[in-house]
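The values are calculated or read from the model by the stated rules, or taken from the named source; none is laboratory data. These numbers were taken from a predicted model, which means no experiment stands behind them. All Cβ positions, glycine included, derive from the backbone under ideal geometry; neighbour counts span all protein chains shown.
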Amino acid sequence: MPVVSLANVRKVYGEDVVALEDISLDIEQGEFVVVLGPSGAGKSTLLRVLNGLTTPTSGEVVINGSPPAARSEVGMVFQMHYLIESMSAYRNALTGALSRTGWLRSLLTAYAEEDKQAALRALDTVGLLDAAQQRAGSMSGGQKQRVGIARALVQDPELLLADEPVSSLDPKAARDVMGYLKRAADERGLTTVASLHQVNVAREFGDRFIGVRDGEVVFDGPREALSMDV
Ligand code: ADP
Ligand code: ADP
């Protein structure tokens, strides 16, 4: 059974803004998929229907056998990292555990030992174990994105989504962060979908590329089949 299955997914905002035209695709366990396309193509909408933040106008989305509902099994890495800048990298990574334990419980009880271990392990995966106690606000853009990846890993997701995770970074930092994302996914056998608009960065990291334009899939294939004009 594929981890992700979309059947004839269509998303129309308002009366007539067609963000997704008629998308049908499956993503198998462990695939690292890069969604490519210009601004406005529908990448972000596609990721949002996968995590249940957006409901398709029609069609069906199935994640591991059931409909998505902003579930904790789906980990998100955002373009705007949404870290709490005053907290350490470690405390930020730990907040990933909240989607499992719930905010309320976190106010009442301490984090479980296994969550603390998970946070340290995730920081290690993204090369930030030595910077665990550093304040997020004092970190570089690339380091912040790596903390964002660590936080998503602490969620222990079945599906990892990254919406333009490197678009605010310079090419060197972007490659660096994508390298850690790929490493994290490979290490844990995580099914990953990352949207990117930088083709040069993307082609180094994806196993499978889905090109989107005007809400339609215009390309779906491996790196070797990726031409420069997607
Ligand atoms: P991308 O991530 O590739 O830039 P989006 O999925 O954000 O593309 O946008 C696809 C289209 O849908 C664009 O025309 C955009 O303006 C429109 N759109 C996206 N989100 C909304 C929304 N919440 N309400 C109305 N229109 C939206
Ligand atoms: P839905 O609940 O239909 O999935 P969203 O939650 O994605 O819709 O969007 C809620 C509102 O956010 C939209 O109705 C729109 O007014 C606004 N919005 C967000 N992004 C955009 C965008 N790119 N273009 C236009 N409007 C947007």
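For the stretch 179-196, how many residues meet the condition of being away from ligand 2 (no atom under 16 Å from the Cβ) and touching an Asp or Glu at 6+ places or on another chain (Cβ under 7 Å)? Before you say what the answer is, go through the steps one by one.
Filtering the stretch 179-196 for residues away from ligand 2 (no atom under 16 Å from the Cβ) gives 179-194, 196.
Subsequent filtering for residues that are touching an Asp or Glu at 6+ places or on another chain (Cβ under 7 Å) retains 191, 196.
So the count comes out to 2.
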Looking at Leu107, is it modelled with pLDDT under 95, surrounded by 14 or more Cβ atoms within 10 Å (Cβ to Cβ) and away from ligand 1 (no atom under 16 Å from the Cβ)?
no
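Please verify whether the stretch 44-64 includes one or more residues that are assigned to a loop (DSSP other than H, G, I, E, B) and away from ligand 2 (no atom under 16 Å from the Cβ). Spell out how you get there, then give the answer.
Here is the first cut: in the stretch 44-64, the residues assigned to a loop (DSSP other than H, G, I, E, B) are 51-57, 64.
Then keep just the ones that are away from ligand 2 (no atom under 16 Å from the Cβ); that gives 64.
Among the residues of the stretch 44-64, at least one is assigned to a loop (DSSP other than H, G, I, E, B) and away from ligand 2 (no atom under 16 Å from the Cβ), which makes the answer yes.
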Show the residue pairs meeting these rules: Cβ distance below 6 Å; 6+ apart or different chains; first residue within the stretch 194-213 and closer than 19 Å to Leu25 by Cβ; second residue of a type in the set (A, V, I, L, M) and modelled with pLDDT under 90.
Leu196/Ala202; Phe209/Leu226; Gly211/Val230
What are the residues in the stretch 117-158 that are touching a strand residue (DSSP E or B) at 6+ places or on another chain (Cβ under 6 Å), within 19 Å of Thr191 (Cα to Cα) and not hydrophobic (A, V, I, L, M, F, W, C), if any?
Gly148, Gln155, Pro157
Long-range neighbours under 7 Å by Cβ, at least six apart or interchain, first residue more than 17 Å from Ser167 (Cα to Cα) within the stretch 33-52, second within 12 Å of ligand 2 (Cβ to nearest atom) and β-branched (Val, Ile, Thr)
Arg48/Thr54
Among what's in the stretch 1-32 and is touching a residue at least 24 places away in the same chain (Cβ under 8 Å) and not in a strand (DSSP E or B), pick the residue that is farthest from Phe205 (Cα to Cα).
Met1
Tell me which of these Ile210 doesn't satisfy, since it passes every other one: (1) in contact with a strand residue (DSSP E or B) (Cβ under 8 Å, 6 or more places away or on another chain); (2) surrounded by fewer than 21 Cβ atoms within 10 Å (Cβ to Cβ); (3) more than 30 Å from Ser88 (Cα to Cα).
(2)
Which members of the stretch 21-51 meet the condition of being of a type outside the set (Gly, Ala, Ser), modelled with pLDDT of 95 or more and away from ligand 1 (no atom under 12 Å from the Cβ)?
Asp22, Leu25, Asp26, Ile27, Glu28, Gln29, Glu31, Phe32, Val33, Val34
